[in-house]
Structure formats: structure tokens, C-alpha cells
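Here's the structure, in C-alpha cells; my notes come after.
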Amino acid sequence: MSTDTSSSETVSNTSKEITELDKKHHLHPWQVFDVFREEGALAIAKGEGCYIYDTDGRKYFDAVGGLWCNNIGLGRTEMAQAIADQAMEMSYASPFTDLTNIPAAKLAAKLAELAPADLNRVFFTCGGSTAIDTAFRMIHYYQNCRGKHNKKHIISRLNSYHGSTYAAMSIGGKPGDHPPEFDFISDTIHHLNYPNYYRCAADGMSEEAFVDSLIQEFEDKIIELGTDNVAAFFAEPIMGAGGVIVAPDGYLKRMHAMCKQYDILFVADEVVTAFGRLGHWFACEDEFGIVPDMITCAKGLSSGYQPIGALLFSDAIWDVLDEKDSDRCFAHGFTYSARPVACAAALKNIEILEREKLLENVKEVGPYFQSQLKTLEDLPIVGQVRGLKFMACVEYVANKETKALFPEELDIGKRISNHADKLGLITRAIVHLNVMSPPLIMTRDDVDFIVSTLRQSIELAIADLKEEGLL
Ligand SMILES: Cc1ncc(COP(=O)(O)O)c(C=O)c1O
């Protein structure tokens, strides 16, 4: 986000002060040091519904929904009240070993009710990454309990994002997230090609042939690693941070069938896709027709009002862990697992999603959002608009025919999102992409604002490129 504050006379002392304090002391996630040193960060002071306000009172429509997490909208009084009530009643209770609390037990039961098939067991975490790490550890625990001590290998996809703890980041496959300065688990984690037909299919290849090639690659990898040695496969039903990749029809079902064939656990990472973003509580079964062995979720679980995530897993897995007289202990957990205030916020969030029929709103407004965004494809630098319901992405290209990208240092997504910022619209720039995941309360009028503002921002960026002799 651009914060060229020096040129703006409207910038208040408070904004300058906050930016300076922040610059001096705050290391941000994904901070790009050279840029941050110059520009700092935009300080956000307030939020209401789909809107956020900076410390100078400028209003923006947040089409990113925070970070794919603001599902019910910001500034809800009844949510604040639920959080305050729980904090007064019981702000913290240990979840370890043989203690629980009322909101945690109720939330676990509610999640079991909403989850597909026999995914009736819940482990609470602090967010998405810790849910992925919990899945990673539980997978090994489960395979060891079954005597499958060779099942150590994990397979995921290039360009996937699964979080930022050590295992989660190693499972993720975005090249930009694996800079040489960081270390990763590389001996037991493997990445397959990702199902991006627009970018990854060979010239002239049909969608069916592309899916066939991905399925074959998966089987080849399993055979290469040893058919008894692969423990689990991790996949986001729609890849989010990797550029909102909706796989071609049949891909997920066939990957799932391959897992079944080789006794490999299928982990659906629904940190983004659950709690209504695709119009369902969970997308894996209702949208894609697969029942995974584990689901990781976070974000929309509390709509960002409290940090909380969860690993949901099947009764079948539970039965192995819970074997009678095994004298086992599941030595894993966090001080803030099942925190009562976070669980109370999640229960209130689910109540609001149900009462206001927000999943139905996504089913109704989602196709309109996608079809209106698609109209941007007439612009000379828009290569593809893609997505499903309330997940969307615009991909920019230097040449529509060859799909050639702009040089990375040109930062085309950021150039466009900087124009959009000035016009009151927040989109998320990821190199040559702008991604969006608006709150589920978004209306058709909001869609019209997003699309017209994004069009204007792209046109302004095109004019800049022409002026600089880059187009
Ligand atoms: C698919 C997916 N999994 C896991 C995570 C990690 O979640 P958190 O940032 O809450 O740790 C994210 C975050 O963006 C995500 O998009």
C-alpha cells in the first residue's frame, strides 16, 4: 500500500507519529525492507461493515476483507458485546488434559454439526498456520499409531499457501515465500505442479489432458517415494494466495481418489474457503464433492474478531488415536487452544452468518461479482479474470496473446492497487495479480463500485506505463 505521506497536506500529526513509531519498532509480516524503509505503512484506525478508515479519516472499501478473514463485516456491536461478556465471565481457562470451558465445548459440537461426513473431532489452534502444523504432527502421530512408520512424506502443490510456521511454510509452495535466507523442511515435503490451466498447460492442451497430466504426476511421485511411504496430501480447494486458482473440473475428485488408492490422508486446507466465502460452511464436499480426512480452518471462523483456528478430523482417525489401553498422550497444544473468548466470538460469528443468511448472499451476489469482473478482460493488460463467488483475481500481462508477464520489478499489481487506494478501494497486489475476498455482506452496488474503480485504476496504470515508455 502506498503511503507517500510527505506529498499530502491532509496528513495529521497523529498519522505521522504512528507511521514513525511503526517504522522504528514494528517488523511486519512479509516486510520488504527496502520499500518499507522509504514508505512505511498506512495506519488504519477504524472499520465498519466493508469499510476501513485510515488515521486521517480517509474511507476505503476493503475488497480484501482484511486478509480473506472479514466475513461478517467490521464493527459489529453484538460481537463486541459477546466478546466483552465472555471476558467478564471467564476470560481464560486452561484447555490442557482434563479441563475445558463452555464456549469451547459448544463450538466443537457446532463445528462437528457443520462439517461433512464423520469429521466430528476438533482440535483448537491460534490460527491457520497452527492448524496446519497440528495436522502435520497429527498425521505422523496417526501413522505411527497404525504402525505405518515409513509414512513420513507429505505432498502439496507449487504456489500453494498453508501458513507461516516452520512446517506450514515448508508445505506451502510459493517460490516467493521460500527466500534463500530462510530454511525449510525439504527431505520429506514435496511439491507437485499446480492446477492453473491458464498458465501451466502446454499450448493447445485440452483441460482434460491437463488434468490427466497432473494426476499422472501425482501417481509418479507416490511411486518414486515408495507406495507405502506417503502420509498425506495437502490442498486448498481453491488456491488463495497463490492467485485464486480454481482447478479444472474433476481434478480434486481424482486427486482424492488417488489418495484413497494409496492410503494417503487428504487434508483440505479451508482456512480461506470455509465459513461462507464460497457459499458453504465448508467447500470441499458441498462445492467439490470430496470428503477429506482432515480440514484446517481459521479466518472466517471468527471473521477476524479473535485469533482462532481449528483442525477438524474424522472419527476414523480418532478411533486410531483413542485405542483403549494404549497409554498414549497427544503431547501437542497451545496455551491459547480453545480460549473461551475466541470460542465465544466464533459462536457469535456463526450465529450471525446463519441469522443474516450470508451464505445465501454469497450464492446470490457471487456470480454477479464474477461476471462483472470478467468485463475487465477487454482491457489490453488484463490477461485473465478468475475466481468463484467471493474469491477473485485479476491477472495482468504485457502481451495477451503470448501471456508474457511484465518484469517483476515493475510491480504491476502494486501500481494498480496504489491507484485503487487513492480512489478508495483496497485490493491486494501479489506481483502481477490483484486478489479480492470481500466481506460476505457485499451487495450488487458494492460490486459495481469495485469493478468501475478497478477499471479506472487499470486505465490510470496503462497511461503511466505509456508515459514511461513501458507499454
Ligand atoms: C490457505 C491458508 N492456509 C493457512 C493460512 C495461515 O493462516 P494464519 O495466517 O491464520 O496462520 C492461510 C493464511 O492466509 C491460508 O490462506
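The values are calculated or read from the model by the stated rules, or taken from the named source; none is laboratory data. None of these values were measured; they are calculated from a predicted model. We place every Cβ from the backbone using ideal geometry, glycine too, and count neighbours over all the protein chains shown.
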ask   = Is it fair to say Asp378 is at positive phi and free of Cβ contacts under 8 Å to residues at least 40 places away in the same chain?
value = no
inquiry  = Can you find a residue that is modelled with pLDDT of 95 or more and within 14 Å of the ligand (Cβ to nearest atom) anywhere in the range 313-333?
reply    = no
query = Among Gly279, Gly242, which is the only one that is in contact with a Lys or Arg (Cβ under 9 Å, 6 or more places away or on another chain), touching a residue at least 12 places away in the same chain (Cβ under 8 Å), more than 16 Å from the ligand (Cβ to nearest atom) and assigned to a loop (DSSP other than H, G, I, E, B)?
reply = Gly279
Subset of the range 282-309 (residues that are part of a helix (DSSP H, G or I) and either buried (at least 24 other Cβ atoms within 10 Å of the Cβ) or within 15 Å of the ligand (Cβ to nearest atom) (or both)) = Ala283, Cys284, Lys299, Gly300, Leu301
key: Residue count for the range 122-143, restricted to those that are part of a helix (DSSP H, G or I) and either more than 13 Å from the ligand (Cβ to nearest atom) or of a type in the set (Lys, Arg) (or both)   = 7
note = Going through the range 77-114 in order, the residues found to be in a loop (DSSP other than H, G, I, E, B) and among the hydrophobic types (A, V, I, L, M, F, W, C) are Ala93, Phe96, Leu99
inquiry  = Let me confirm something: among Pro380, Pro367, which residue is assigned to a loop (DSSP other than H, G, I, E, B) and not aromatic (Phe, Trp, Tyr)?
reply    = Pro380
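For (1) away from the ligand (no atom under 16 Å from the Cβ); (2) closer than 24 Å to Ala115 by Cβ; (3) free of Cβ contacts under 8 Å to residues at least 12 places away in the same chain, each residue gets a yes or a no:
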site	(1), (2), (3)
Asp228	yes, no, no
Ala231	yes, yes, no
Pro237	no, yes, no
Val246	no, yes, no
Leu252	no, yes, no
Cys259	yes, yes, no
Leu265	yes, yes, no
Phe275	no, yes, no
key: In the range 248-270, residue surrounded by the fewest Cβ atoms within 10 Å (Cβ to Cβ) [restricted to those that are out of contact with any Phe, Trp or Tyr (no Cβ under 8 Å at 6 or more places or on another chain) and assigned to a loop (DSSP other than H, G, I, E, B)]   = Asp249
task = Select from the range 147-173 the residues that are touching a residue at least 40 places away in the same chain (Cβ under 8 Å) and among the polar types (S, T, N, Q) and write down the one among them that is farthest from Lys299 (Cα to Cα).
result = Asn150
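Yes/no per residue for (1) touching a helix residue (DSSP H, G or I) at 6+ places or on another chain (Cβ under 9 Å); (2) at pLDDT 95 or above; (3) acidic (Asp, Glu):
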position: Ala346; (1), (2), (3): yes, yes, no
position: Glu354; (1), (2), (3): no, yes, yes
position: Glu360; (1), (2), (3): no, yes, yes
position: Ser371; (1), (2), (3): no, yes, no
position: Leu388; (1), (2), (3): yes, yes, no
position: Val394; (1), (2), (3): yes, yes, no
position: Arg415; (1), (2), (3): yes, yes, no
task = Can you tell me which residue within the range 165-216, out of those that are among the small types (Gly, Ala, Ser) and not in a helix (DSSP H, G or I), is nearest to the chain's Cα centre (by Cα)?
result = Gly172
